[in-house]
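**Q** Would you mind keeping the following structure in view while I ask a few things?
The values are calculated or read from the model by the stated rules, or taken from the named source; none is laboratory data. Given the structure is predicted, the values throughout are model-derived calculations rather than measurements. Note that each Cβ is placed from the backbone with ideal geometry, even for glycine, and that neighbours are counted across all protein chains shown.
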Amino acid sequence: MRLSTSSLTLYLTLFVLLAFVHALPYGNFWNNWPSTTTPQPVTQPQPQSQPNPQPQTKPTRKFRCGDEPGSYCGIYPPKQTTVSLTQKRLFSHSKMVANKYKLAIIGSGNWGSAIARIAGMNVQRYPELFEEQVNMYVYEEQVDGKPLTEIINKQHENVKYLPGITLPDNIVAVNDVVKAASGADLLIFVLPHQFIPGICTQLRGKVSKNARALSMIKGVEVKDSNIRIFADVIEEILGCKTMALSGANIANEVAQDKFSETTIGYREGDLESAEIFHKVFDRPTFKVGMIEDVAGVSLCGALKNVVAIGAGFCDGLEWGSNAKAAIMRIGLMEMKNFSEEFFEGVKAETFTETSAGIADLITTCFGGRNRKCAEAFVKTGKSFDVLEKELLNGQKLQGSETAREVYQFLAARGKVDDFPLFKAVYNISFEGGVAQDLASKL
């Protein structure tokens, strides 16, 4: 007998259903199936007595953002850990086994001082884990005839770069980077990227290779057709594992305890080290997410400044919100494409689901120094070097320099035309291009 297609389908369906029903008595299906009837009580076997009962390990729960170290703000549930950070020292050399973690901050500008305030409060919050004193390296300069380090240590305020904000009294300004980092187990680098190679060269051989470093550097290192994030530069020079932190973090707002988020990108297999830094930074108003993506987090922090230059051009031209939104969308795609093409292991989620990605791009294109200077660039016709001196009170403008470095790298790779926004920002900034032509270049 020849079966029609519909008959064959019916017989196969019935066969699958019969097999499924036959298997039910041997499984646990119905115990997991939602039912409107009252379930029958199940008699549990009585446990046998044990001569030396061991305490049961509680199952690891999934933390909400900021509840515990390893929490992710909804990004990738953390791996289970069974030993608390206060019971287990994560780094192997004898000093750390015997003592608490010692923290040092390398940098003291606007963002460096804001993050020092958070770190200073948190090491006091966890006295069982951290040494109380936190050294902060300060490039020495005179303010009203007095050394800046002296002012910070007496007034507990960085009057030049973060005026009006009180720093915890356990933050100690040190004008020698080697002394500031002496004995540190945790190093936070928060400097303009131009200074990193020189600073790290001074520290080479003076920092334990078992220490951990965290880069908050907004930039990339370009040499001809090669490009590196500064977490890799720091790790190579110092020999210690280095992660990255970036996010939608306007320094003054963070220092005033206005709510914001940030993201730690950590190396594969180094989650527990990231959890230590999570304790250094996480506050009720400064929530810290984590993702296994050092390159993605670093590149978001660098490339969004180039996009912000383009957004500032829009503001200078008074093109309105639609134009700025278009620049931001194009910029986000170029950031993601650039990162995925030239770096391994970059996660797409870093750009769309973390504070380091889309959130930081938004806040930088509306409120950052790069946008501010780019707007003035269009309105005044002054160069970025002049505007940096006039508008930034000694801070560095990093977006224009990153635009130059990215363009040079793309030119060396023959890829300039694949990134029209990056190309246009460079052309307008350094080659005399006309800002009014920005839209036609995209």
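**Q** Inside region 201-226, can you point out the residues that are closer than 18 Å to residue 264 by Cα and either of a type in the set (A, V, I, L, M, F, W, C) or in contact with a His (Cβ under 9 Å, 6 or more places away or on another chain) (or both)? Walk me through it before giving the result.
**A** Taking region 201-226 and keeping what is closer than 18 Å to residue 264 by Cα, we get 211-220.
Across region 201-226, the qualifying residues are 211, 213, 214, 216, 217, 218, 219, 220.
**Q** Please specify each residue of region 243-279 satisfying the condition of being surrounded by fewer than 24 Cβ atoms within 10 Å (Cβ to Cβ), within 22 Å of residue 102 (Cα to Cα) and of a type in the set (Val, Ile, Thr).
**A** 276
**Q** For residue 192, indicate whether it is closer than 26 Å to residue 404 by Cα and touching a Lys or Arg at 6+ places or on another chain (Cβ under 7 Å).
**A** yes
**Q** Tell me whether region 290-297 contains one or more residues that are more than 27 Å from residue 328 (Cβ to Cβ) and touching a strand residue (DSSP E or B) at 6+ places or on another chain (Cβ under 8 Å).
**A** So far as region 290-297 goes, no, none of its residues is more than 27 Å from residue 328 (Cβ to Cβ) and touching a strand residue (DSSP E or B) at 6+ places or on another chain (Cβ under 8 Å).
**Q** Right, something else. Take region 103-148 and flag every residue that is of a type outside the set (A, V, I, L, M), part of a strand (DSSP E or B) and within 25 Å of residue 398 (Cα to Cα). Break it down into steps so the answer makes sense when it comes.
**A** To start, the set of residues in region 103-148 that are of a type outside the set (A, V, I, L, M) comprises 107-113, 117, 120, 122, 124-128, 130-133, 135, 137, 139-142, 144-147.
Next cut, part of a strand (DSSP E or B) only: 130, 135, 137, 142, 146-147.
Correct list: 137, 142.
**Q** Still on this model: Which residue out of 367, 433, 399 is more than 15 Å from residue 310 (Cβ to Cβ) and either at pLDDT below 95 or not basic (Lys, Arg) (or both)?
**A** Unique residue meeting the criteria: 367.
**Q** Mind checking whether some residue in region 185-202 is surrounded by 23 or more Cβ atoms within 10 Å (Cβ to Cβ) and over 26 Å from the mean Cα position of the chain (by Cα)?
**A** No, region 185-202 contains no residue that is surrounded by 23 or more Cβ atoms within 10 Å (Cβ to Cβ) and over 26 Å from the mean Cα position of the chain (by Cα).
**Q** Let me ask something else about it. If you go through region 222-238 one residue at a time, how many are closer than 25 Å to residue 347 by Cα and either of a type in the set (A, V, I, L, M) or surrounded by fewer than 18 Cβ atoms within 10 Å (Cβ to Cβ) (or both)?
**A** 11
**Q** Within region 349-367, can one find any residue that is of a type in the set (Val, Ile, Thr) and part of a loop (DSSP other than H, G, I, E, B)?
**A** Initial filter on region 349-367 (of a type in the set (Val, Ile, Thr)): 350, 352, 354, 358, 362-364.
Those still in the list that are part of a loop (DSSP other than H, G, I, E, B) too: 354.
Taking every residue of region 349-367 in turn, at least one turns out to be of a type in the set (Val, Ile, Thr) and part of a loop (DSSP other than H, G, I, E, B).
**Q** May I ask you to list the residues in region 244-274 that are in contact with an Asp or Glu (Cβ under 7 Å, 6 or more places away or on another chain) and not in a loop (DSSP other than H, G, I, E, B)?
**A** We begin by selecting, within region 244-274, every residue in contact with an Asp or Glu (Cβ under 7 Å, 6 or more places away or on another chain); these are 246-248, 260, 265-266, 268.
Within region 244-274, 246, 260, 265 meet the criteria.
**Q** Just a yes or no: is a residue in region 288-308 touching a residue at least 60 places away in the same chain (Cβ under 8 Å), touching a helix residue (DSSP H, G or I) at 6+ places or on another chain (Cβ under 6 Å), within 19 Å of residue 190 (Cβ to Cβ) and in a strand (DSSP E or B)?
**A** For region 288-308, residues touching a residue at least 60 places away in the same chain (Cβ under 8 Å), touching a helix residue (DSSP H, G or I) at 6+ places or on another chain (Cβ under 6 Å), within 19 Å of residue 190 (Cβ to Cβ) and in a strand (DSSP E or B): present.
**Q** Given the criteria closer than 22 Å to residue 287 by Cα and in the same structural domain as residue 212 (by TED's automatic domain parsing), does residue 120 qualify? Spell out the reasoning first.
**A** Details: closer than 22 Å to residue 287 by Cα: yes; in the same structural domain as residue 212 (by TED's automatic domain parsing): yes.
Taking the combined requirement at face value, the residue satisfies it.
**Q** To continue, here is another question. I'd like the full set of residues that are in a loop (DSSP other than H, G, I, E, B) and modelled with pLDDT under 95, limited to region 184-204. Can you show your working first?
**A** Filtering region 184-204 down to residues in a loop (DSSP other than H, G, I, E, B) leaves 184-185, 190-192, 204.
Scanning region 184-204 gives 191, 192.
**Q** Do we have any residue at all in region 222-241 that's within 16 Å of residue 115 (Cβ to Cβ) and outside any helix (DSSP H, G or I)?
**A** no
**Q** Can you tell me which of 414, 433, 381, 345 is outside the structural domain of residue 264 (by TED's automatic domain parsing) and under 30 Å from residue 264 (Cβ atoms)?
**A** On inspection, the qualifying residue turns out to be 345.
**Q** Criterion first (under 22 Å from residue 395 (Cβ atoms), at pLDDT 95 or above and either of a type in the set (Phe, Trp, Tyr) or not in a strand (DSSP E or B) (or both)) does residue 168 satisfy it?
**A** Criteria not met by residue 168.
**Q** Within the bounds of region 152-163, is there any residue that is in contact (Cβ under 8 Å) with a residue 12 or more places away in the chain, farther than 22 Å from residue 401 by Cβ and in a helix (DSSP H, G or I)?
**A** Yes: region 152-163 contains one or more residues that are in contact (Cβ under 8 Å) with a residue 12 or more places away in the chain, farther than 22 Å from residue 401 by Cβ and in a helix (DSSP H, G or I).
**Q** Free of Cβ contacts under 8 Å to residues at least 60 places away in the same chain and either within 24 Å of residue 249 (Cα to Cα) or in a helix (DSSP H, G or I) (or both): does that describe residue 404?
**A** So residue 404 passes the test.
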